[in-house]
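The structure appears below as C-alpha cells.
The values are calculated or read from the model by the stated rules, or taken from the named source; none is laboratory data. Keep in mind that this is a model prediction, so the values were computed, not measured. Note that we place each Cβ from the backbone using ideal geometry, even for glycine, and neighbour counts take in every protein chain shown.
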C-alpha cells in the first residue's frame, strides 16, 4: 500500500534519502544548495536516519569525502546545485574513474556569470563528459522513484559508476505536488546492502586506489568506463522493471506523449516537458500532428532507442536549457549525431529556452510548434539555433 | 613497445591489487642531480636517512653506508639536511 503525500521536489528527494538511509552523506551549503540537504541533516539530527553526515568546507571537499567514503565501501550520497556542481568538477571525474557508485541529487541551476540561481541545465550539461550517469526528472514523483532506482543502477556489478539525478531548480525543487511513496521497509528491501567490489577498510585485501597511471596503462584503465556505461543501458531498464513491480510506475529511457502518428517530434528534458505536453495538446487541437519525447536517461545516451523514436517522425525540434558556446544546444547536437550515425534523414531543429530561469509557457511552445509546422510543410526546417523568449 | 595487457583484463578502476609493489618502480631514472656521500665527513646522525622520501639512504650494520641509486630521485633533501656537508649534489 502506497501513501499519497504532497511534497516539493526537494522534500521528495529528502524522503528517498531517508528511506535509503545511506552509510554516509557529505554536503556543503554553497549558494545555491537547497532544502534537500537541510531536510537530510534534520533527519540525521533527529535520529530518523542512521547516517554519518559529514559537514565539509566546500563542494570540492564534499565530493572528495564521498569518494573516500565510497572507496571504503560505504553507501554514499550527496546533493548539490549549480555552482556547487561546478566546484565539484575535478572530483566528478575521479569518482567515475574510481568506479564509485555515489548517488547525487543535482538541482539544475544556471552557472555564473552573471550571477543567477534560477533553473537551467548548464550545470549538469557541463558535467556530461565526467563519466557520471545522468537521469533527468520532470516532477517530485520521478525524483523520488529515480533516486531509489539510482542506488541499484549505480551499484550494479556491471556498472559501478556514480549517478546524478537531475531536476529543475525552483520549478520542481520548490514546487509541491502530490506523489505516491513506498514505505521504508520496501525501499530498504529493494536497495539491499551495498556489496562493494573492493573496500579500503578490508585489511585482508590491501590495494592501492588512485595510483599514478602513466601512458602505458592510463588508456587501458579508461576504456572499461565505456563498457560500464554501455552496461548501464541494460541495467537502467532491468531496475526500472523490478521497481515497476513494487510501485506500479513504469520507467524507461524516455517517455513518449502522442507520438503514435506524430510528424513533428519535440524533445526535451525536465520540467519543460510537462509544459510542452500542454503545448502539444494545443497544437493537436489545431490539427498539427505534434508529439513529445521526454528524455530521462541522458548519460549513457540511449542511441538505439532514440533512433527508433526519430524514425517514426518526419521532423523534430530539440529544446535545450543550456548552451555549448560555439556549437549550440548540446542535446540537439547529440540527437543530430544519433540520426547521422543511424542513417536517418529527419531534420532536427534546435531551440534554446529558459536560460537563467527565463519562463516558458505552453503558449510560447505552441507558437513555436506552429512556426515549425509551417516550416515543415514548406520542407524548410531551419538548422540554425533559435533563441526562444529572448528580447530582440 | 611495452608488453601489452589487454584492457579487459586490467583490474577495475586501475587499482593496484597487491601491496608493497613500489619497489618494482625504479624511480632513479628521474634524477638530474646525484647525491655523493662522503663517509669521512659523515657523523652518522641519520638525518639523511630520516628525511629521505624514498628510503634511498642505505644502511649496513646500523650505519649509513651509501645511496641506493635505483630509487633516489635526486631531490637533494639529504644534502640540505646534512649538518656536516657530507652529501654533495653533482650533475649526472
Discussion item. Looking at residue A:73 and the list (1) surrounded by fewer than 19 Cβ atoms within 10 Å (Cβ to Cβ); (2) within 23 Å of residue A:143 (Cα to Cα); (3) out of contact with any strand residue (DSSP E or B) (no Cβ under 9 Å at 6 or more places or on another chain), which single condition is not satisfied?
Written reply: (2)
Worksheet item: Residue check: is residue A:194 more than 14 Å from chain B (Cβ to nearest Cβ) and surrounded by fewer than 18 Cβ atoms within 10 Å (Cβ to Cβ)?
Response: yes
Worksheet item: Does the stretch A:231-248 contain at least one residue that is away from chain B (no Cβ under 14 Å) and not in a helix (DSSP H, G or I)?
Response: yes
Worksheet item: Of the residues A:185, A:197, which is assigned by TED's automatic domain parsing to the domain that holds residue A:51, under 19 Å from residue A:152 (Cβ atoms) and at pLDDT below 95?
Response: A:197
Discussion item. When you scan the stretch A:360-373, do you find a residue that is surrounded by 17 or more Cβ atoms within 10 Å (Cβ to Cβ), within 18 Å of the chain's Cα centre (by Cα), modelled with pLDDT of 95 or more and not assigned by TED's automatic domain parsing to the domain that holds residue A:132, even just one?
Written reply: no
Discussion item. Looking at the structure I just gave you, is residue B:38 under 21 Å from residue A:211 (Cα atoms) and more than 9 Å from every other protein chain (Cβ to nearest Cβ)?
Written reply: no
Worksheet entry | Filter pass, residue A:7 being in contact with a helix residue (DSSP H, G or I) (Cβ under 8 Å, 6 or more places away or on another chain) and buried (at least 22 other Cβ atoms within 10 Å of the Cβ) | no
Discussion item. Can you find a residue that is on the phi > 0 side of the Ramachandran plot, away from every other protein chain (no Cβ under 14 Å) and at pLDDT 95 or above anywhere in the stretch B:17-34?
Written reply: no
Worksheet entry | Which numbered condition residue A:209 fails, given (1) in contact (Cβ under 8 Å) with a residue 60 or more places away in the chain; (2) in contact with a strand residue (DSSP E or B) (Cβ under 6 Å, 6 or more places away or on another chain) | (2)
Fill in: Residues being crowded, with 19+ Cβ neighbours inside 10 Å and closer than 22 Å to residue A:370 by Cβ - total across the stretch A:297-327
9
Fill in: Residues satisfying the stated conditions in the stretch A:204-229, i.e. more than 9 Å from chain B (Cβ to nearest Cβ), part of a helix (DSSP H, G or I) and loosely packed, with under 13 Cβ neighbours inside 10 Å
A:226
Practice prompt. Kindly indicate the residue of the stretch B:6-16 that is touching a helix residue (DSSP H, G or I) at 6+ places or on another chain (Cβ under 8 Å) and more than 7 Å from chain A (Cβ to nearest Cβ) and also nearest to residue A:202 (Cα to Cα) among those meeting that condition.
Written response: B:8
Practice prompt. Report whether or not residue A:27 is farther than 14 Å from residue A:147 by Cα and assigned by TED's automatic domain parsing to the domain that holds residue A:78.
Written response: yes
Fill in: Residue ranges of helices (runs of 4 or more DSSP H) in the stretch A:253-364 with at least 2 members farther than 24 Å from residue A:230 by Cα and in contact with a strand residue (DSSP E or B) (Cβ under 6 Å, 6 or more places away or on another chain)
A:272-285
